[in-house]
């Protein structure tokens, strides 16, 4: 599952998978604009068959924050 | 100088996690606001704004907004820096048929990353459908820049049609997509904020 998670970020942000780490964020990845953010949200929701609420979306500030959020929903990566 | 022009952040209209909305000022018109609408990067995907936009033009538009009840326009402000980063509006406000068209421009390139734009569209949707009690909101965009409508789609706006050959862009006629969202759907949407601070003008400080 972790591989699919990384692959999703890699594909949308157009970065090698070895550059997908928890500290990666819109501030550190040039390609992570607001539209990439939408693609990431849609991709994560489709991958894990979940729907994120507004409050959850507002916590999505980095790869690590999303990983933590998914953990609270019982998805361990 | 009045207090309102000295510290307009104290007069927030709505407050989110990363941004807040406040009314637009003459100083905004003379600042970045008029520059954004001279920028090809900003205007290339807009249906209008092909003419020069001078500070005087922007001030005249701002003055028009002061008495308009057909357009609600707000300044989008970054909560951390209090920087004016964009404009949001509900235009064509029709209180009989309870509808309006939503639009958003994040003029500050540095704030096109992250969650600012998503939160701004969410807050404008909430204002239109809940605070103003509109029946539906409409979003339109060029088919050549459909990326701009993705934020709306994420919130539950669905495609209802298109205006064919509605815009002339870089030598070609381009269709405009029409997306809509209804109040009844927004009320039960997980994308709807559970709480959104409606600031009390004159007393609220979003910080």
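Side notes on the structure shown:
- Residue satisfying all of: in segment A:49-71; outside any loop (DSSP other than H, G, I, E, B) and out of contact with any helix residue (DSSP H, G or I) (no Cβ under 9 Å at 6 or more places or on another chain); farthest from the other protein chains (Cβ to nearest Cβ) among these: A:71
- Whichever residue in segment B:191-207 is touching a helix residue (DSSP H, G or I) at 6+ places or on another chain (Cβ under 7 Å) and within 14 Å of chain A (Cβ to nearest Cβ) and, among such residues, is modelled with the lowest pLDDT: B:196
- Of the criteria (1) touching a strand residue (DSSP E or B) at 6+ places or on another chain (Cβ under 6 Å); (2) more than 30 Å from residue A:56 (Cβ to Cβ), which one residue B:20 fails: (2)
Let's see how each residue does on (1) within 10 Å of the chain's Cα centre (by Cα); (2) more than 21 Å from residue B:148 (Cα to Cα):
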{"position": "A:9", "(1), (2)": "yes, no"}
{"position": "A:48", "(1), (2)": "no, yes"}
{"position": "A:66", "(1), (2)": "yes, yes"}
{"position": "A:71", "(1), (2)": "no, yes"}
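- Scope segment A:30-48; condition closer than 16 Å to residue B:116 by Cα and either part of a loop (DSSP other than H, G, I, E, B) or more than 14 Å from chain B (Cβ to nearest Cβ) (or both); matching residues: A:30, A:31, A:32
- Where residue B:133 falls short, out of the listed (1) within 13 Å of chain A (Cβ to nearest Cβ); (2) outside any strand (DSSP E or B): (1)
- Selection status of residue B:64, outside any strand (DSSP E or B), surrounded by fewer than 17 Cβ atoms within 10 Å (Cβ to Cβ), modelled with pLDDT of 85 or more and at negative phi: yes
- Filter result for residue B:117 (within 10 Å of chain A (Cβ to nearest Cβ), over 16 Å from residue B:189 (Cα atoms) and either outside any helix (DSSP H, G or I) or touching a helix residue (DSSP H, G or I) at 6+ places or on another chain (Cβ under 7 Å) (or both)): yes
- For segment B:15-34, residues that are within 14 Å of chain A (Cβ to nearest Cβ) and touching a helix residue (DSSP H, G or I) at 6+ places or on another chain (Cβ under 6 Å) total 3.
- Of all residues in segment A:7-25 being assigned to a loop (DSSP other than H, G, I, E, B) and within 15 Å of residue A:67 (Cα to Cα), the one that is nearest to the other protein chains (Cβ to nearest Cβ): A:25
- Within segment B:84-112, the set of residues being farther than 15 Å from residue B:181 by Cα and assigned to a loop (DSSP other than H, G, I, E, B) comprises B:95, B:96, B:107, B:108, B:112.
- Residue count for segment B:87-106 satisfying the condition of being in contact with a helix residue (DSSP H, G or I) (Cβ under 9 Å, 6 or more places away or on another chain) and on the phi > 0 side of the Ramachandran plot: 1.
- Residue tally, condition surrounded by fewer than 20 Cβ atoms within 10 Å (Cβ to Cβ), under 25 Å from residue A:45 (Cα atoms) and either in contact (Cβ under 8 Å) with a residue 40 or more places away in the chain or away from chain A (no Cβ under 12 Å) (or both), over segment B:149-164: 3
- Flag for residue B:51 being assigned to a helix (DSSP H, G or I) and within 29 Å of residue B:143 (Cα to Cα): no
The values are calculated or read from the model by the stated rules, or taken from the named source; none is laboratory data. From a predicted model like this one, the values you see are computed outputs, not experimental measurements. Every residue, glycine among them, receives a Cβ derived from its backbone with ideal geometry; neighbour counts consider all protein chains shown.
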